[in-house]
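Asks: Take a look at the following structure, please.
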Amino acid sequence: MAHPSALPSGRTDGPVPAQRRRVVVTGLGAISPLGATASETWHGLLEGRCGVRVLEGEAFSALPVHVAAPSAADPAEQLSRTQARTMNRGTQFAVVAAREAWTDAGFAPDAVRDGAIDARRVGVSVGTIIGGAPVLVTADNTLATRGARHVSPHTAPMVVPNGAAAQVALDIGARAEARTVVSACASGTEAIGQAIDRIRAGAADVVLAGGTEAVITPSVMASFTAMRALSSATDVHTASRPFDKDRDGFVLGEGAGILVLESEEHALARGARIYCEAAGWGVSADAHHMVAPRPDGEGIVDAIRKALTDADTDVDSVAHINAHATATPHGDAAEILALTKVFGQGIGRVPVTAPKGALGHMQGAAGGVEAVATVLTLHHQLIPPTAGFKAADDDNPLDIVTGTARALPDKDVALSNSYGFGGHNAVLAFRRAA
């Protein structure tokens with residue numbers, strides 16, 4: 001299909017009632033430890049590269065853990081000086097990724113403001129966890145050392161978690177809504193799921209949706225270290241080891257992943273390139289523990305089954321699973337058990353990959369970036385390998401893709417899983433484009 005930059009306008013006569021609309025993915029954007037764009041991130045995953053690095057600087061030297069997965073690019077360098085100084089780092093990531101996704105979808109940068117598409121039919125849905133907490137730490141230090149007059153007036157709007165969604169809406173000109181989802185490490189995935197629902201319901205024709213996060217800071221790392229949640233490995237290539245029998249914790253990552261979701265009729269009307277269908281999603285809560293998953297995996301089971309039902313499909317149609325797999329002993333075990341319960345003996349025939357071996361755990365951004373990877377897996381029919389993985393537990397039945405990329409089986413559906421502190425579970429189901 002054509003991929004124009006000049007576009008016809010979308011609906012202007014209000015929501016579409018009754019019949020549920022199909023939702024498709026037409027644009028992708030990402031900034032991650034593997035690259036400044038979705039394409040660079042994708043090729044880094046295919047090549048099995050690792051984005052984990054040793055952190056430098058006095059602030060990190062006193063910590064017992066010195067590795068993380070910082071972004072491969074500084075988002076501030078892709079923004080004007082004025083824009084950058086009014087956004088926290090997580091918001092900067094979101095705006096940069098959203099711009100890439102918007103352009104990738106075939107929209108001109110000013111399409112909304114120029115009237116090529118109705119602003120009231122374009123929405124934003126972004127997940128995050130902390131928002132601008134590091135900004136608040138800096139402001140507190142400034143207040144203590146220099147006084148109130150030196151605290152920036154930008155501090156308050158930079159701290160609030162809704163800043164990323166608001167700034168993306170401001171940047172694009174989206175007026176349907178600017179939604180913020182805060183559900184721990186499931187935030188990005190749930191934000192995409194909620195966007196699917198909004199388009200289906202007719203509340204918008206186009207939604208930029210995904211997740212963003214920037215929490216590689218000494219205080220956050222110190223807290224996770226005290227919880228014994230971070231990997232203690234010093235070798236960057238073996239620090240993040242999803243599903244590996246020697247896994248000992250996750251590695252913090254940062255960045256953003258944004259999708260342009262669109263009603264199928266709207267995308268076809270403007271001749272857009274369609275990556276795949278955003279076919280369905282599922283969400284659940286463990287109601288078990290604030291930081292530990294249910295050992296029986298039942299919350300995850302519920303979310304996966306809901307996603308399959310919502311997508312009007314079943315386990316026999318699943319070609320691939322993009323696992324949450326943070327490399328924590330209990331978290332990976334719960335996901336393995338849940339997948340085994342859902343797929344039964346067939347789980348060994350569904351190739352699984354875990355991007356956090358390469359990207360680290362990007363927290364609220366994980367679901368967005370990993371959704372980008374899942375979409376590209378379907379689009380290119382290639383499954384990236386799992387970096388950091390060497391050997392599985394004896395009772396692990398999963399077919400984990402390792403070493404090199406693998407061809408996607410001839411089935412239609414791919415799942416992208418995300419789970420978070422507090423027992424938040426969210427799963428996306430994508431289907432190959434017709």
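Asks: Of all residues in the stretch 54-94, which are surrounded by 15 or more Cβ atoms within 10 Å (Cβ to Cβ) and over 24 Å from K356 (Cβ atoms)?
Replies: A76, Q78, L79, Q83, A84, T86, M87
Asks: To continue, here is another question. Would you please name the residue that is nearest to the chain's Cα centre (by Cα), looking only at residues in the stretch 246-265 that are surrounded by 24 or more Cβ atoms within 10 Å (Cβ to Cβ) and not aliphatic (A, V, I, L, M)?
Replies: G257
Asks: A further question on this structure: Quick check: is even one residue across the stretch 113-125 more than 21 Å from I258 (Cα to Cα), surrounded by fewer than 17 Cβ atoms within 10 Å (Cβ to Cβ) and out of contact with any helix residue (DSSP H, G or I) (no Cβ under 9 Å at 6 or more places or on another chain)?
Replies: Yes: the stretch 113-125 contains one or more residues that are more than 21 Å from I258 (Cα to Cα), surrounded by fewer than 17 Cβ atoms within 10 Å (Cβ to Cβ) and out of contact with any helix residue (DSSP H, G or I) (no Cβ under 9 Å at 6 or more places or on another chain).
Asks: Please count how many residues of the stretch 18-45 are part of a helix (DSSP H, G or I) and surrounded by fewer than 18 Cβ atoms within 10 Å (Cβ to Cβ).
Replies: Count: 3.
Asks: Would the stretch 67-84 turn up any residue that is out of contact with any strand residue (DSSP E or B) (no Cβ under 6 Å at 6 or more places or on another chain), part of a loop (DSSP other than H, G, I, E, B) and among the polar types (S, T, N, Q)?
Replies: So far as the stretch 67-84 goes, yes, one or more of its residues are out of contact with any strand residue (DSSP E or B) (no Cβ under 6 Å at 6 or more places or on another chain), part of a loop (DSSP other than H, G, I, E, B) and among the polar types (S, T, N, Q).
Residue-by-condition table, conditions (1) within 16 Å of T328 (Cα to Cα); (2) in contact (Cβ under 8 Å) with a residue 12 or more places away in the chain; (3) among the acidic types (D, E):
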residue: E370; (1), (2), (3): no, yes, yes
residue: T374; (1), (2), (3): no, yes, no
residue: L382; (1), (2), (3): no, yes, no
residue: D393; (1), (2), (3): yes, yes, yes
residue: Y419; (1), (2), (3): yes, yes, no
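Asks: So in the stretch 108-160, with the set limited to residues that are under 27 Å from G422 (Cβ atoms) and assigned to a strand (DSSP E or B), which one is farthest from the chain's Cα centre (by Cα)?
Replies: Within the stretch 108-160, the match that is farthest from the chain's Cα centre (by Cα) is G123.
Asks: Within the stretch 1-58, count every residue that is of a type in the set (D, E, K, R) and modelled with pLDDT of 95 or more.
Replies: Residues in the stretch 1-58 being of a type in the set (D, E, K, R) and modelled with pLDDT of 95 or more: 5 in total.
Asks: Which of the residues spanning the stretch 265-304 are among the polar types (S, T, N, Q) and at positive phi?
Replies: Scanning the stretch 265-304 gives no hits.
Asks: Can A203 be described as touching a residue at least 40 places away in the same chain (Cβ under 8 Å), under 16 Å from P33 (Cβ atoms) and in a loop (DSSP other than H, G, I, E, B)?
Replies: no
Asks: Given the residues T328, T353, T340, which is the only one that is of a type in the set (V, I, T) and over 20 Å from H237 (Cα atoms)?
Replies: T340
Asks: Of all the residues that make up the stretch 301-315, how many are out of contact with any strand residue (DSSP E or B) (no Cβ under 8 Å at 6 or more places or on another chain) and either within 23 Å of F389 (Cα to Cα) or free of Cβ contacts under 8 Å to residues at least 40 places away in the same chain (or both)?
Replies: 2
Asks: Can you tell me which of A169, A203 is surrounded by fewer than 21 Cβ atoms within 10 Å (Cβ to Cβ) and either within 20 Å of the chain's Cα centre (by Cα) or modelled with pLDDT of 95 or more (or both)?
Replies: Selected residue: A203, the only one of A169, A203 that is surrounded by fewer than 21 Cβ atoms within 10 Å (Cβ to Cβ) and either within 20 Å of the chain's Cα centre (by Cα) or modelled with pLDDT of 95 or more (or both).
Asks: Moving on. For residues that are in contact (Cβ under 8 Å) with a residue 24 or more places away in the chain and in a loop (DSSP other than H, G, I, E, B), scanning just the stretch 49-61, find the one that is farthest from T326 (Cα to Cα).
Replies: Restricting to residues being in contact (Cβ under 8 Å) with a residue 24 or more places away in the chain and in a loop (DSSP other than H, G, I, E, B), the top hit is L55.
Asks: For the stretch 91-100, indicate whether the set of residues that are within 24 Å of L252 (Cα to Cα), of a type in the set (S, T, Y) and in contact (Cβ under 8 Å) with a residue 60 or more places away in the chain is non-empty.
Replies: Yes.
The values are calculated or read from the model by the stated rules, or taken from the named source; none is laboratory data. All of these numbers come straight from a predicted model, not from anything done at the bench. Note: ideal-geometry Cβ built from the backbone for every residue, glycine included; neighbour counts use all protein chains shown.
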